[in-house]
1. Filter the stretch 80-99 down to the residues that are under 13 Å from the mean Cα position of the chain (by Cα) and outside any strand (DSSP E or B), then identify the one that is surrounded by the most Cβ atoms within 10 Å (Cβ to Cβ).
2. Counting just the residues of the stretch 68-79 that are assigned to a strand (DSSP E or B) and open to solvent by 50 Å² or more (accessible area, probe 1.4 Å), which one comes out farthest from Ala54 (Cα to Cα)?
3. Looking at the stretch 146-165, can you tell me whether even one residue there is over 26 Å from Pro50 (Cα atoms), of a type in the set (Asp, Glu), modelled with pLDDT under 95 and open to solvent by 90 Å² or more (accessible area, probe 1.4 Å)?
Amino acid sequence: PAVSDPTVGNDCAPERIPALLWSADPMEIVHGDGRIVMRFERGDTVRSIPVDGAAAPAGQPSTELGYSVAHWVGDVLTIETTHLLGGIIVNDMGQPISQEARITERYWREPGENNLQMELLVDDPVNYTEPLKLGRLWGWSPDERVRPWNCFSLQPPRDSEPVNVDELARMLEEL
């Protein structure tokens, strides 16, 4: 059965790990001051991840991005994330992920290449009998920039009036 995720199709919903990792939008990684900072254009999302940081403190809440720590194994950046809200792994594919999941991301470049490889391991005993392994490649684009995300949603905020489609159509015609 398909898994429903309220963030799918809502351009203004907070982004979630691991689904964010399949965005086709620009992303940049900066390493400095004992942290890895990952900036994603999608949703103006920023992950600030301590390198060789401590495990999640007691009472750590589950969030869209979870709790992440990073470390280097040679030239491979490894990020481990827990305390996720759950949802789906890749938008529109329906692969569920629970709050019990542990995500391991590995990033590297092949010798002589500029493209960034990523391997994702999803260890989720609630939904899978063995870890799920996925991968992707980010193409190097030195002229690309992470730009501000201007979201647009037809979904009204909770406790508000439904969207007036006729009024929206009138407004669009005025443009």
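The values are calculated or read from the model by the stated rules, or taken from the named source; none is laboratory data. Because the structure is a prediction, the values reported are computed rather than measured. Don't worry about glycine lacking a Cβ; one is built from the backbone with ideal geometry, like all the others, and counts go over all protein chains shown. Areas reflect the complete protein model, heavy atoms only, side chains present, ligands, DNA and RNA absent. Shrake-Rupley method; radii C 1.70, N 1.55, O 1.52, S 1.80 Å.
1. Checked the stretch 80-99; the qualifying residue surrounded by the most Cβ atoms within 10 Å (Cβ to Cβ) is Ile89.
2. Val73
3. So far as the stretch 146-165 goes, yes, one or more of its residues are over 26 Å from Pro50 (Cα atoms), of a type in the set (Asp, Glu), modelled with pLDDT under 95 and open to solvent by 90 Å² or more (accessible area, probe 1.4 Å).
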